Amino acid sequence: METRANYALIGIFTLAVIAAGFLFVYWFSGLQGAGRRVTYNVVFTGSVSGLGLGSPVYFNGIRIGEVTKIDIDPTDFRRVITTIQVDSSNRLRVDTKARLDVQLLSGVGSISLIGGAADAAERLPCPSPSCTITAERSDFQDLLDSTRVLARNANDTLEKINALIDQNQQSITDSVQNLGRFTKALGDNSPGVDKFLASVGGAADQVQALAGNLDSIVKDVDRKKVTRIVDNADRFMGALGASSTDVEKSVKNVTSITAKLDRASDQIEGVLKAAQGFLSSPDGKGAFQQVAEAARSIKILADNLDKRTAEITVGINRFTGTGLREFTGLATDGQRTLGEINRVLRNVDRNPQQFIFGGKPPIPEYNGRR
């Protein structure tokens with residue numbers, strides 16, 4: 001007896017097994033997974049190139065979830081809001097940071113969650129208001145921005161170079177032609193160039209020989225003499241420094257003498273004015289020659305004093321020690337001389353007639369007899 005298969009039952013059984021398999025997979029990965037995952041929002045500013053649905057989410061380098069939604073913020077088109085689902089066992093903290101990572105070769109993007117102190121408060125998942133994480137700028141975004149800025153600057157520079165070349169095209173052409181003519185002339189005069197280089201080599205040899213001669217001259221110099229000269233200069237400077245007090249006193253004396261000469265010149269000017277008034281009178285016209293001779297004498301005396309002062313100043317630079325004491329005595333004599341001159345000038349100022357005509361004879365006494 002032939003057995004006949006029931007194809008309808010076999011088909012129904014096959015479909016039931018397939019449906020059961022799908023239900024098991026859905027239950028294992030969907031229903032159970034939904035109970036073990038929590039949702040957070042990550043907000044990016046700028047481009048999120050390379051990021052898409054299903055992009056991985058890493059926490060300290062370990063994958064804990066993926067991107068489930070990407071939207072543009074309707075209130076600010078510069079921002080992108082991404083929704084991520086992560087394993088509920090990896091609860092995030094309020095100080096957890098997020099950033100976009102892009103693989104340079106493939107361009108695939110991912111979200112990296114970084115940090116979070118253990119004692120920080122827990123960040124509650126959505127729909128809690130604290131479920132939103134503001135992402136930091138990634139190194140890739142900084143690189144893209146820097147590349148854009150660099151490309152823009154390079155483009156501006158190239159445009160300026162092109163404009164400069166366009167404006168000076170004729171000058172550049174002339175420079176290239178001049179360079180070509182110079183190169184051609186240099187090639188045509190290559191024998192002369194060789195001679196010039198040979199002469200330069202000979203000059204270098206002469207300079208080297210001169211340097212050798214200078215070296216030998218320096219070596220022939222007696223170092224002991226140089227040392228003695230330096231020692232003498234050192235001793236002279238030391239003696240000058242030790243006598244600085246005496247030098248200072250001498251300079252002060254010279255200054256005092258100069259001041260006295262200034263005062264004497266003022267007094268002489270007063271005397272001359274008085275003499276001018278006297279000479280304008282009838283009695284003084286005859287004494288003009290004597291006054292002129294007296295003025296010349298005073299001028300000669302002032303010149304002698306000036307020369308004496310110059311000699312004193314030169315002597316300060318030549319002598320130290322006992323020489324300074326002698327100079328001090330000389331300055332004292334000069335002061336006494338100036339005192340005598342001042343006394344004479346005061347007498348002349350008080351009685352110029354006596355200076356010109358001499359002392360008057362005493363008036364004779366009248367005794368009443370003839």
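The values are calculated or read from the model by the stated rules, or taken from the named source; none is laboratory data. The model shown is predicted, which means the values in this text are computed figures rather than measured ones. Note that we place each Cβ from the backbone using ideal geometry, even for glycine, and neighbour counts take in every protein chain shown.
For the residues Ser175, Ser146, the requirement of being assigned to a helix (DSSP H, G or I), closer than 30 Å to Gln103 by Cβ and of a type outside the set (Asp, Glu) singles out Ser146. Could you say whether any residue in segment 171-180 is in contact (Cβ under 8 Å) with a residue 40 or more places away in the chain and either of a type in the set (Phe, Trp, Tyr) or surrounded by 10 or more Cβ atoms within 10 Å (Cβ to Cβ) (or both)? No, segment 171-180 has no match at all. Condition check for Ala121 on (1) touching a residue at least 24 places away in the same chain (Cβ under 8 Å); (2) farther than 28 Å from Phe59 by Cβ; (3) aliphatic (A, V, I, L, M): one failure, at (2). Segment 9-113 holds no strands (runs of 3 or more DSSP E) entirely within its bounds that carry 3 or more residues that are exposed (fewer than 12 other Cβ atoms within 10 Å of the Cβ), touching a helix residue (DSSP H, G or I) at 6+ places or on another chain (Cβ under 8 Å) and not assigned by TED's automatic domain parsing to the domain that holds Asp139.
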